[in-house]
1. What number, rounded to the nearest 500 deg cm²/dmol, is the helix-based mean residue ellipticity at 222 nm of the chain, given -39500 (n - 2.57) per DSSP H run of at least four residues and division by all its residues?
2. May I ask for the equivalent-ellipsoid semi-axes of the chain, computed as the square root of five times each C-alpha gyration tensor eigenvalue and listed largest first in whole Å?
3. Amide H to amide H, which residues 5 or more places from GLU27 or on other chains are under 5 Å from it, using H placed in the peptide plane?
4. What fraction of the DSSP beta bridges in the chain is antiparallel, stated in percent and rounded to the nearest 5?
5. Quick one: which residues, 5 or more positions from SER149 or on another chain, have an amide H under 5 Å from its amide H? H modelled 1.01 Å from N in the peptide plane, none for Pro or chain starts.
6. Work through the residues other than LEU208 whose Cβ is under 12 Å from its Cβ and net out their charges, Lys, Arg +1 and Asp, Glu -1.
7. Each residue of the range 210-221 in order: what ³J(HN,Hα) in whole Hz does its phi give by Karplus 6.51 cos²θ - 1.76 cosθ + 1.60, θ = phi - 60°, with x for Gly and Pro?
8. In whole Hz and in residue order, list the ³J(HN,Hα) couplings for the range 157-163 that follow from phi through the Karplus curve 6.51 cos²θ - 1.76 cosθ + 1.60, θ = phi - 60°; x for Gly and Pro.
Amino acid sequence: MDLLTVKFVGIEFGGVLALNDISFVVEKGQIFSIIGPNGAGKTTLFNCISGFYKPKRGEIFFGDKNITFCKPHQIPGMGIARTFQNIELFQGMTVLDNIRLGAHVHLKTGILGSLFYYGRAEKEELALREAIEDDIIDLLELEFIRDKSVRSLPYGFQKRVELARALAAKPKLLLLDEPTAGMNTEETQDMVRYILDIVEERGITIMLIEHDMGVIMDISDRIVVLDFGNKIAEGIPAEIKDNKDVINSYLGY
């Protein structure tokens, strides 16, 4: 089943071509990776999918819904969540409070009920907290730091908290922008394990930007390679690994 369809998407910035007629399809349940050199257009593509950039050409469909010109705040409610290359957490808040923010897109309480925190608002917040504590915190092994301030945590744990916040939005599609960047070997192995668990146990489809080719080749179902805004290859890991254009432009062996 096709979950995300990108059709001939193109965008420029100040005359510089960032994406040039990019097309591909992500199927439900896949780990679909985007690789390429720095400046290839990978994060720009994520920004188009998540509504931060509006393509000059082409269309993006999530299921049968055209999301090309949806606003960024509309995208999470449709079932798309993301993490960022640079950590985007509220540093003065606790781990638990940061994660809870990810689920607020699904709260139904009106402004008045939220303001006075009674009745339905209180019930929703308590149910939300219980779901996060019993589910996401347990999955990502964050119990022992749940009440700590994010700014006090090592980098690897902050990356894990950002993943937890994205999961709290209950996504069907999760965009992960360099989730293992800056991590040591043990932290990388843990993150890979969490990603596989998210797909296998939760049925969440993942799009992954990552520079660690060991991770990419080990866990990807399909890979698209970008270079200077152009798609130069697409295929399964074995095909990408042996593709001469990919070797020359990126892999370098």
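Values quoted throughout were computed directly from the atomic coordinates according to the rules given, and no laboratory measurement underlies them. Predicted, not measured: the structure shown is a model, and the values here were computed from it. Here the Cβ is made from the backbone with ideal geometry for all residues, glycine too, and neighbour counts use every protein chain on show.
1. It lands at -9500 deg cm²/dmol.
2. Equivalent-ellipsoid dimensions as semi-axes: 32, 22, 16 Å.
3. Long-range HN contacts for GLU27: LEU3.
4. Close to 55 percent.
5. none
6. -3
7. 7, 9, 7, 5, x, 5, 4, 6, 6, 10, 6, 8
8. Per-residue couplings from phi come out as 6, 5, 4, 5, 5, 5, 4 Hz.
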